[in-house]
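Quick notes on the structure that follows.
The values are calculated or read from the model by the stated rules, or taken from the named source; none is laboratory data. Remember, it's a predicted structure, so these values are computed and weren't measured experimentally. Glycine gets a Cβ as well: all are built from the backbone with ideal geometry, and neighbour counts include every protein chain shown.
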Amino acid sequence: MTKKIFRSIIVVSVLVLFSSFVIATGFLYNYFNNSEKERLKEELKLVSQNVEKIGVGYFDNFESSIFRFTLINSDGTVLYDSRADAAAQMENHSDREEIKEAFSLGFGSSTRYSETLTKKTIYEAVLLNDGTVLRISADQLTVGALVIAMLPAICLIIFVCVLVTMLLSYNMANSIVKPLNNLDLEKPVLDSQYDELTPVFTKLNKQHRQIEKQLSEIRKNAEEFAQITSSMQEGLVILDKKGVVISINPAAKMIFSTDDSHIGKDFLTVDRSLCMSRAVETALSGSHTEFREERGGKEYQFIINCTRSEGEVSGVVILCIDVSETAFAEQSRREFTANVSHELKTPLQAIIGSAELLESGLAKHEDRQKFVSNIKKEATRLVTLINDIIRLSQLDESYGEKAEDVDLCGVCAEVITELREIAAKRSITFEFSAPDSLVIGGVRQYLYQIVYNLCDNAVRYNKDGGEVKVSLEKREDEITLSVADSGVGIAAEHQGRIFERFWRVDKSHSKETGGTGLGLSIVKHAVLFHNGKIKVQSEPGVGTTFTVTLPLKK
Ligand code: ADP
């Protein structure tokens, strides 16, 4: 602003100076021109009176360095010229304008310019009584020549004026701008030294208050936004229309293993996945994209959308949802369905095969009994399998099952009684140690499933003549059930997988012994249902011990 004021003052001053100079020169030149003409007329009048009195002899002693006098005869020949030595040799003057005028009107005047236009000659002429014409003339500089002659002085004046103007305008510009620079924008109206600016400052003040209000609203919204996004479990990234990160919430920072240093940088610096960059590009072109990808060992669903402002794409929002559990559940469900179908198909095919042989009459009479028992065995297996699936799905769906007081000693004794006969066939003995009564809060059916499946496995995977030790112990507010056998044991690499559905170490042995591959899954679910824990310790060839810890109150 200072510069602009400074420049304006200088330009105005130079223009004023120049125009004043032109106007003054014009006026002065005109004034001196007219004065000169008057002076010529006066001089001519004086000399003409003397010439009329004395005649041409008057010029004998006449001398004038300023004016030139010429006496012209009535035929135009020059009788006398104060500057020419041989007047008679001068050319005829009858065609000169001022001479013609004087002969016809008594007085004549004219002005003629030199060839170079630097000079002009003013002529005044008068008709004398004897019929001759007396002419006076004087040389004068033209305006242009005058200006050229005055040029050094003009330049000096302009230089001094510009210098003074610069100094003054610099000070003036500073003094004008200083109050504006020192203005307190919080209260511009009160502070202003310029009344003319009061309307502007009033408006400024109003806008200032409006901006303050809007800023505080923006700040409030930003804080709310930060609070909401920071407590979100989903990752949220906001990009501008160039794909530059504007905001990234804590969850997203974890997902992309990044920090705030990437704010203001291209999203490519945060994530370089091909799918993601394509999705961001698609969103920037106004479309919606969703895809699943793994980050840091977890599966995420990425939802990428564009944001719009006045119909134009103004940015991109990336929402990252952890779907690891859903993906795992989906995967497990798919596997479970495939496994169930397979497990059900095998006994059914065996039943159909035996039934077809019996129906066709191809089976020998002595083999018929074998096929019938086969059908019975496979059907029983089918029932056991379906029962296990039902139990498992009951446990999966179990919600708000009513807990009751269950005597775990009674449950163990019941199971042992049920399995003792089967165990005895293979000379397997049961040993049971427990207090007289041990009451626990839980669902009896599920507790029974825990004890039964563990003891059933302990018998089935035992050696002939082996033993099963069942013990119950009460410790402060929990109960420990341990089922130990002297069976085949489980290799360390399989121990982590035995609780998976349909997972068996030795499939054929499991099937032979009537296993479904679901027993331990049911146990695990039932234990979890009672907020308990299960542990396995096993050594191949020596035996296996399952230890279940259950809290007394569910
Ligand atoms: P299954 O019906 O096949 O017994 P489970 O879920 O009960 O299915 O057990 C899964 C697998 O764990 C079994 O196939 C078996 O290989 C192994 N297993 C379970 N209990 C024992 C045990 N007491 N001793 C040895 N292996 C066992």
* Asked: Within the stretch 279-298, can you find the residues that are surrounded by fewer than 18 Cβ atoms within 10 Å (Cβ to Cβ), closer than 23 Å to GLN233 by Cα and in contact with a Ser or Thr (Cβ under 6 Å, 6 or more places away or on another chain)?
  -> LYS298
* Restricting attention to the stretch 132-147, report how many residues are at pLDDT 90 or above and not basic (Lys, Arg). => 6
* Structure fact -> Over the stretch 467-487, the set of residues within 60 Å of the chain's Cα centre (by Cα) and touching a residue at least 24 places away in the same chain (Cβ under 8 Å) is ASP477, GLU478, ILE479, THR480
* If we keep just the residues of the stretch 438-466 that are out of contact with any Asp or Glu (no Cβ under 8 Å at 6 or more places or on another chain), free of Cβ contacts under 8 Å to residues at least 40 places away in the same chain and away from the ligand (no atom under 14 Å from the Cβ), which is nearest to VAL527 (Cα to Cα)? -> GLN445
* **helices (runs of 4 or more DSSP H) contained entirely in the stretch 173-278, each with at least 3 residues that are surrounded by 15 or more Cβ atoms within 10 Å (Cβ to Cβ)** => 198-231, 250-256
* Asked: Restricting the search to the stretch 129-142, which residues are outside any strand (DSSP E or B) and buried (at least 16 other Cβ atoms within 10 Å of the Cβ)?
  -> THR132, THR142
* Asked: Taking interchain pairs and intrachain pairs at least six residues apart, which have beta carbon atoms under 7 angstrom, with the first residue in the stretch 511-527 and outside the structural domain of ALA338 (by TED's automatic domain parsing) and more than 11 Å from ARG501 (Cα to Cα) and the second hydroxyl-bearing (Ser, Thr, Tyr) and part of a helix (DSSP H, G or I)?
  -> GLY514/THR384; ALA526/TYR446
* Counting just the residues of the stretch 409-437 that are of a type in the set (Lys, Arg) and more than 16 Å from the ligand (Cβ to nearest atom), which one comes out nearest to PHE546 (Cα to Cα)? -> ARG420
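Yes/no per residue for (1) at pLDDT 95 or above; (2) out of contact with any helix residue (DSSP H, G or I) (no Cβ under 8 Å at 6 or more places or on another chain); (3) of a type in the set (S, T, N, Q):
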site	(1), (2), (3)
ALA283	no, yes, no
GLU293	no, no, no
ARG308	no, yes, no
SER314	no, yes, yes
* Asked: If THR111 satisfies every condition in (1) touching a helix residue (DSSP H, G or I) at 6+ places or on another chain (Cβ under 8 Å); (2) part of a strand (DSSP E or B) but one, which is the exception?
  -> (1)
* Asked: Which ones in the stretch 306-322 are farther than 20 Å from CYS275 by Cβ, of a type in the set (Gly, Ala, Ser) and part of a strand (DSSP E or B)?
  -> SER309, SER314
* Asked: Can you list the helices (runs of 4 or more DSSP H) found entirely within the stretch 467-554 that contain at least 2 residues being within 13 Å of the ligand (Cβ to nearest atom), in contact with a helix residue (DSSP H, G or I) (Cβ under 7 Å, 6 or more places away or on another chain) and among the charged types (D, E, K, R)?
  -> none
* Does GLU325 qualify as being in a strand (DSSP E or B), within 30 Å of PHE502 (Cα to Cα) and of a type outside the set (Phe, Trp, Tyr)? -> no
* Asked: Going through the stretch 423-438 one residue at a time, which ones are β-branched (Val, Ile, Thr) and out of contact with any helix residue (DSSP H, G or I) (no Cβ under 6 Å at 6 or more places or on another chain)?
  -> THR429
* Asked: Pick from SER65, SER109: which is touching a residue at least 40 places away in the same chain (Cβ under 8 Å), among the small types (Gly, Ala, Ser) and in the same structural domain as PHE18 (by TED's automatic domain parsing)?
  -> SER109
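Yes/no per residue for (1) assigned by TED's automatic domain parsing to the domain that holds ILE522; (2) of a type in the set (Gly, Ala, Ser):
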site	(1), (2)
ASP388	no, no
GLY410	yes, yes
LEU419	yes, no
ILE422	yes, no
GLU431	yes, no
ALA434	yes, yes
VAL443	yes, no
* Return yes when ALA153 is of a type outside the set (Lys, Arg), without any contact (Cβ under 8 Å) to a residue 40 or more places away in the chain and touching a strand residue (DSSP E or B) at 6+ places or on another chain (Cβ under 9 Å) and no when it is not. => no
